[in-house]
Amino acid sequence: METDDIRGGIAFAAAEAALAVRFNIPADALIPLLFSLQYGGDWSYASGSVTAISVVEKTTVYDEESRTGYSLEEIYLFMNPVPLHREGTVHRLEKCGGAPARLLVQRPYRVRLGADRVIRMTVHPLEREIRTEELDMTEMAFSGSAAYGIDHELEHLAGREIRGEELQVFRFG
């Protein structure tokens, strides 16, 4: 590793650590947000005093004329999340952590989630910028992939295993 790479890594880690001070929250409560940033996907965390989940929404902005674009990521961190409403049923394949294979599961199409606090991190790849702000709301609604992720992470916080049918229930046509 080069010296400049090490310096860059240290500066990035310091900026991540500063978020806990900036938002006056326990550093470990940021784990889902930082994991979503570093590794992608949705994450959850629970300790004695706090629960948190992160969910990622991606929006692709594409210019037909120049044939270029980018995917903007919005990562939401929900502190002490509470499911308020679930609607619909979607059958989908899903894999979790160290599970050996995907499972056929059922998830709600829409989820409304309440939380003590909501923090949004916006990652803009063209600007090479990460903006983080606390939102002035304690409820949000999601549909599609984000709703599936929220429901999945709420299962983890409830201490439940992700259950579903194994892929072998499918038949080749």
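Considering Leu19, Leu33, which residue is closer than 21 Å to Gly144 by Cα and either surrounded by 10 or more Cβ atoms within 10 Å (Cβ to Cβ) or modelled with pLDDT under 95 (or both)? Outline the logic, then answer.
Working: Leu19 fails: closer than 21 Å to Gly144 by Cα.
Among Leu19, Leu33, only Leu33 is closer than 21 Å to Gly144 by Cα and either surrounded by 10 or more Cβ atoms within 10 Å (Cβ to Cβ) or modelled with pLDDT under 95 (or both).
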Check your understanding: With respect to the numbered conditions (1) closer than 18 Å to Ala147 by Cα; (2) aliphatic (A, V, I, L, M); (3) at pLDDT below 95, which one is the sole condition not fulfilled by Ile10?
Key -> (1)
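Out of the strands (runs of 3 or more DSSP E) lying entirely within region 86-158, which hold 1 or more residues that are at pLDDT 95 or above and under 30 Å from Ser49 (Cβ atoms)?
Working: elements: 90-94, 103-107, 110-114, 117-124, 129-135, 139-143.
Hits in region 86-158: 103-107, 110-114, 117-124, 129-135, 139-143.
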Review point. Pairs under 8 Å by beta carbon, first residue touching a residue at least 60 places away in the same chain (Cβ under 8 Å) and of a type in the set (Val, Ile, Thr) in region 147-173, partner assigned to a helix (DSSP H, G or I) and surrounded by 16 or more Cβ atoms within 10 Å (Cβ to Cβ), six or more apart or different chains?
Key: Ile162/His152; Ile162/Glu155; Ile162/His156
Review point. Taking only pairs six or more apart or across chains, which ones have beta-carbon atoms under 7 Å, a first residue in region 113-134 that is of a type in the set (Asp, Glu), and a second residue that is not in a strand (DSSP E or B)?
Key: Asp116/Asn80; Asp116/Thr138; Glu134/Phe23
Practice item. Test each condition in (1) among the aromatic types (Phe, Trp, Tyr); (2) part of a helix (DSSP H, G or I); (3) free of Cβ contacts under 8 Å to residues at least 12 places away in the same chain for Tyr62 and report the one that comes out false. Key: (2)
Check your understanding: Quick one: which of Thr89, Thr122, Thr132, Thr138 is hydroxyl-bearing (Ser, Thr, Tyr) and exposed (fewer than 13 other Cβ atoms within 10 Å of the Cβ)?
Key -> Thr89
Check your understanding: (1) outside any helix (DSSP H, G or I); (2) farther than 26 Å from Met137 by Cα: which one isn't true of Ala11, the others all being true?
Key -> (1)
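The values are calculated or read from the model by the stated rules, or taken from the named source; none is laboratory data. These numbers come from a predicted model, not from an experiment. As a convention, Cβ positions derive from the backbone with ideal geometry for all residues, glycine included, and neighbour counts pool all protein chains shown.
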